[in-house]
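In what follows, a structure is listed as structure tokens, so that the remarks can point back to it.
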Amino acid sequence: QYYFKFFLITFIIFFATDGLIVLISACCRTLEQAMATFNMTIGIFLLFNGFSANTKTTPPWLSWICYMSPLYYSMEMFLDALYENSPLWVSTGQLFGMRKHVFWTDFFICLSIGCAGRFLAFFAMK
């Protein structure tokens, strides 16, 4: 029951993150610029992943970064897959400010991030 959803989450997060990597590498002129930009971007995404910093614990002027991070959507999908019919959702999902029953919404958001990254990278190449 969990295997298919976890496999799907892993695939779509790889696709979204890879799309962002392609976009960053297409926008930068050198390898050093690309690595520095990627490290900064992935560091921000790792911080605002929904667990360490989320929409409940960050101030409103910073919580929008969570919605830009594909890792936030992966956390929300994992929680939704694990606790969708469980009373543990109250103690875990609501604690982190996650929404319930949004697995497919988050899936298509990550799919859109991956496609948009690849699409914009096509125009960013020189």
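The values are calculated or read from the model by the stated rules, or taken from the named source; none is laboratory data. Only a predicted model underlies this, so the values are computations on that prediction, with no experimental measurement involved. Quick reminder, even Gly has a Cβ in these numbers, built from the backbone with ideal geometry, and neighbours come from all protein chains shown. Heads up: the accessible areas ignore ligands, DNA and RNA and are worked out on the full protein's heavy atoms, side chains in. Shrake-Rupley method; radii C 1.70, N 1.55, O 1.52, S 1.80 Å.
Within the accessible area of the chain, the carbon and sulfur atoms contribute 74%, probe 1.4 Å, all protein chains present. To the nearest ten degrees, helix 2-27 and the longest principal axis of the Cα atoms of the chain are 30 degrees apart. With contacts taken as Cα pairs under 8 Å at a separation of at least 6 residues, the chain carries a relative contact order of 39 percent. Stretching Phe14 away from Ser112 to a fully extended chain increases their span by 34.0 nm, per 0.36 nm per residue minus the current alpha-carbon distance. As a rough guide to protection, the peptides 79-89, 106-116 ranked by mean Cβ packing within 10 Å, highest first, stand as 106-116, 79-89. Looking at the chain, the accessible area is 60 square angstrom per residue; that uses a 1.4 Å probe and ignores ligands, DNA and RNA. A simple charge model with +1 on the Cβ of Lys and Arg, -1 on the Cβ of Asp and Glu and nothing else charged puts the dipole of the chain at about 180 debye relative to its Cα centre.
The label point for Ala124 and the one for Gln94, both projected 7 Å from the Cα toward the Cβ, are 4.0 nm apart.
Normalised by residue number, the volume inside the convex hull of the Cα atoms of segment 40-126 is 95 Å³ per residue. Spatial offset of segment 72-126 relative to segment 13-63 amounts to 15 Å, using the alpha carbon center of each.
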